[in-house]
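Enquirer: The structure follows.
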Amino acid sequence: MKKSLFAIGIGFLLVGSIIFTSCEGKEGPMGPAGPTGNNGAPGTNGTNGSNGVNGINGVNGTNGLDGKDANSSCLVCHTVANFDAKIVEYQLSKHYMGNTSSRFTKFCATCHTHEGFQETQGNGSFVVRNDMPNATRINCKTCHAHTGFDFSDTLAQILTTVSPVYLNYNKNLTATDFGKINNLCVTCHQIRGYTSLVYSDTTLTPDVINKPFDQLPYFPFVNTDDNAPVSYLVGRSFSVHDGNQSNLFKGINGYEYAGKTYTRTWTHSDASCTDCHMNEFNATTGKGGHTLWVNEEECTACHKSDKITPVQNLIDGKRIELAELLTARKVFRKTTNSSGVVSYSAMNTHDFNGKLYPTTQTPGDLFATSTGNNTVSPTTGLVVYGNMLKYDKDANYQYRIGRQWKYGELGAAYNYAYINSELSLGAHNPTYALQLLQNSIDWLNANPGK
Ligand code: HEC
Ligand code: HEC
Ligand code: HEC
Ligand code: HEC
Ligand code: HEC
Ligand code: HEC
């Protein structure tokens, strides 16, 4: 098993803080208790003999005896071998292999680059001020920072942040505590918020000026009526997208149907992300440790058999069952690409300006859709924000539902995306994942379309 940092932390408390003492090379005589209230006045520690150089640290005088351990306190972590090992492991992680290019825009850099994370952590914002074309990928110092060497709280003192996280779900207004290490991971491993600049085009009639891209406008739910109507406009997104691990693990922020009860905790709720994602490193499989990949052999040792695959198969079956129900009532559209890969996409009910899409083609009738994408300028290397609107005939009328959704339908579509984007296929909380999917399926069956 990995070393316990908490144990290390206690060690430091005994050791005290004077690294400089050790440089003297010999042990000072036990000083009398440091004069209280006389902190730091140079010279007041004269009786401390070899500790004289530490006069400014006067309050620590009584720790002189322990000075010889100071170096080894750092060496618990700071050996060349340990750091080399961490570097080798980390190079196997997706963080290291990941791609930063085109993810350096203001809306992506916070989580996808080192510099973006540093900036937002430093100033408490959620989006960096400018695009960061020179930004680099996530590295040791993205997650690690030293504050003080008195080691009263080792984790907090070597990690960039352990503070509760302002989630995009609640529009960054309240902080949710996932537990210390988890707060570090979850700062990035949550849904992304705004992903684009405003749409703006004055050449069109009607004008479209400064309409923001609207992420998760329907959430969190003030609505308690599963049958209440809701329009799904082009340009508004309820999609969860990447990084939803945090919410499933804690069993929160799914669409929960009125009158149903949900179980939030499960066997491993008290674990940290790192208990599984930084477990014992195996050089042969390249998993565990700072690779951030789960070394599943470690799990089987306790489970005796593979408990993960059956859970994932069960949940994935439910995920597809739900998607098929949503496709049948034209909330989703199912497509199969040339390699046979099936995907489902949610169908908008209304265009960008809120005009209902009909289910039959109306010749000459135009709808506002988005066109153009952000591109990277070959000359400046900066992002050219290219999200624009155009007016066009609707080519997908036969896939449209032709009415507003009900919240129950939106919630079911949302729960599908919640599980689909989460990547663990329910392994982060099998109980809650199954309840979200099954209750969605049950609601759809009990409330036929139209
Ligand atoms: C619990 C593990 C741990 C302990 C104990 C620890 N450090 Fe660190 N230290 C780290 C990590 C992790 C980093 C970040 C690695 C990096 O920046 O590449 C770091 C970074 C540093 C850096 C910055 C290096 C740089 O290039 O910016 C200094 C200086 C440092 N530590 C000094 C110390 C001293 C002195 C002690 C003992 C009083 C100590 N550390 C104890 C884990 C530890
Ligand atoms: C600075 C933001 C940030 C922090 C902090 C962070 N991650 Fe990540 N993580 C990412 C991003 C971005 C990716 C996707 C990398 C890519 O593909 O470019 C990722 C990818 C991963 C993956 C691989 C996912 C896949 O696509 O298969 C795992 C596993 C992971 N992170 C675990 C962790 C754990 C565990 C922690 C906490 C110890 C953590 N991460 C902290 C941003 C972060
Ligand atoms: C709140 C943090 C956050 C923001 C902001 C964010 N991402 Fe991510 N992104 C992640 C994490 C964490 C992962 C890896 C885990 C996962 O995929 O579930 C990821 C994964 C991805 C992936 C899939 C993995 C890969 O490397 O192919 C793509 C593509 C991606 N992000 C693109 C973007 C783009 C483009 C933006 C900006 C519009 C963006 N992300 C903004 C956190 C974020
Ligand atoms: C995604 C965030 C993340 C990144 C990137 C990261 N670490 Fe860590 N590191 C952690 C966390 C979290 C812990 C504490 C693990 C625990 O206690 O469960 C840790 C612990 C450590 C420790 C102390 C524990 C030990 O086993 O010695 C060292 C040293 C360390 N990391 C070095 C590094 C180095 C070197 C790099 C770059 C190659 C690096 N880390 C990159 C998150 C990260
Ligand atoms: C009980 C152990 C456990 C805990 C705790 C845990 N995970 Fe996972 N995680 C898993 C398993 C198992 C998978 C699926 C891996 C697979 O199928 O290969 C996974 C998958 C992932 C993935 C996708 C990686 C991939 O294989 O594509 C990411 C990202 C991730 N977890 C992040 C996190 C974060 C962030 C936390 C903390 C909030 C966390 N995990 C907590 C066990 C755990
Ligand atoms: C200390 C023992 C122990 C270790 C180590 C352990 N688990 Fe578990 N795990 C349990 C127990 C106990 C259960 C609940 C009993 C059961 O479902 O049969 C469980 C259940 C699970 C379940 C739910 C299975 C189900 O059928 O609902 C998942 C998923 C899981 N563990 C993931 C992991 C992963 C991933 C790891 C390794 C990173 C891991 N566990 C390591 C003890 C452990």
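Enquirer: Pairs LYS94/LYS406; LYS171/LYS406; LYS141/LYS304: which are spaced more than 32 Å apart, C-alpha to C-alpha?
Expert: With Cα atoms farther than 32 Å apart: LYS94/LYS406; LYS141/LYS304.
Enquirer: Which FRET efficiency, nearest 0.05, do THR261 and SER421 yield, Cβ-Cβ r, R0 25 Å?
Expert: Efficiency for this residue pair is about 0.50.
Enquirer: Let me ask you something else. In what sequence do PHE83, PHE178 fall when counting other Cβ within 10 Å, fewest first?
Expert: Ranked by crowding around the Cβ, least crowded first: PHE83, PHE178.
Enquirer: What is the calculated FRET efficiency for ASP316 to SER72, with r their C-beta to C-beta distance and R₀ = 60 Å, to the nearest 0.05?
Expert: Step by step, r from the Cβ atoms, then E = 0.75.
Enquirer: Need the C-alpha centroid separation for the range 292-317 versus the range 77-133, integer Å.
Expert: 29 Å
Enquirer: Please order MET388, MET132, MET97, MET347 by the number of other Cβ within 10 Å, starting at the fewest.
Expert: MET97, MET388, MET347, MET132
Enquirer: Using alpha-carbon positions, what is the distance between the centroids of the range 417-450 and the range 325-354, in Å?
Expert: Taking the Cα centre of each part, the range 417-450 and the range 325-354 sit 17 Å apart.
Enquirer: Same structure, new question: With each label point set 7 Å from Cα along the Cα-Cβ vector, what nm distance links ALA81 and THR327?
Expert: The modelled label-to-label distance comes out at 5.6 nm.
Enquirer: Further question: Take LYS106, LYS94, LYS307 and order them by how many other Cβ atoms sit within 10 Å, fewest up front.
Expert: Taking fewest neighbouring Cβ atoms as first place, the list is LYS94, LYS307, LYS106.
A short reminder: the numbers here are calculations on the coordinates, not readings from a lab. Because the structure is predicted, anything quoted here is derived from the model rather than measured. Backbone-built Cβ (ideal geometry, glycine too); neighbour counts: all protein chains shown.
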